[in-house]
């Protein structure tokens, strides 16, 4: 009996990413994003500007790499009250550089936090929420939520085109 319960739990855990994908198949306004569906997620993408749960930092997340499925994140803003000599040098630097897609809604790679590299996982939870988990030596782990930045009128923030 216990074995069957464990089998069902494992099967459900393995199916979870596939369950999430159909739920995210439409944008906030209910329109299909299939034309822009680079990742096969119905147009849902990690690309955009994201803000930390504590409102102290913002990141521009882009798809990168030769095939456009890796994930890169650049620190672009630190709350002025929190800005100091230690963190200022990381502004406009990549904190995640070419993380590899490990599941339909998940990327794994190193996360650079003030010069210390953590084994990281970035996972899309919903259209407007992403969770980042970083582990040092596989035992010291912490998770943070990022939320998609929106314009003051509530519309989706669009990152400016790069000049390079």
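Taking each residue of the stretch 74-87 that is touching a residue at least 12 places away in the same chain (Cβ under 8 Å) and looking for partners that are part of a helix (DSSP H, G or I) with beta-carbon atoms closer than 7 Å, six or more apart or interchain, yields 78/87.
Residues being in contact (Cβ under 8 Å) with a residue 60 or more places away in the chain and within 17 Å of residue 51 (Cβ to Cβ) are entirely absent from the stretch 98-121. The test for being over 19 Å from the mean Cα position of the chain (by Cα) and assigned to a loop (DSSP other than H, G, I, E, B) holds for residue 153.
Just one of the listed residues (63, 71) is outside any helix (DSSP H, G or I) and touching a residue at least 40 places away in the same chain (Cβ under 8 Å), and it is 71.
So, residue 84, is that one surrounded by fewer than 17 Cβ atoms within 10 Å (Cβ to Cβ) and either touching a strand residue (DSSP E or B) at 6+ places or on another chain (Cβ under 6 Å) or at pLDDT 90 or above (or both) or not? Step through it out loud before you land on a result.
Values: surrounded by fewer than 17 Cβ atoms within 10 Å (Cβ to Cβ): yes; either touching a strand residue (DSSP E or B) at 6+ places or on another chain (Cβ under 6 Å) or at pLDDT 90 or above (or both): yes.
Yes: the conditions hold for residue 84.
Any idea which residue in the stretch 122-147 is surrounded by the most Cβ atoms within 10 Å (Cβ to Cβ), counting only those that are without any contact (Cβ under 8 Å) to a residue 12 or more places away in the chain and in a strand (DSSP E or B)? Only one residue tops the list, namely 141.
The values are calculated or read from the model by the stated rules, or taken from the named source; none is laboratory data. This one's a predicted model, so the numbers in the text were calculated from it and none came from an experiment. Glycine gets a Cβ as well: all are built from the backbone with ideal geometry, and neighbour counts include every protein chain shown.
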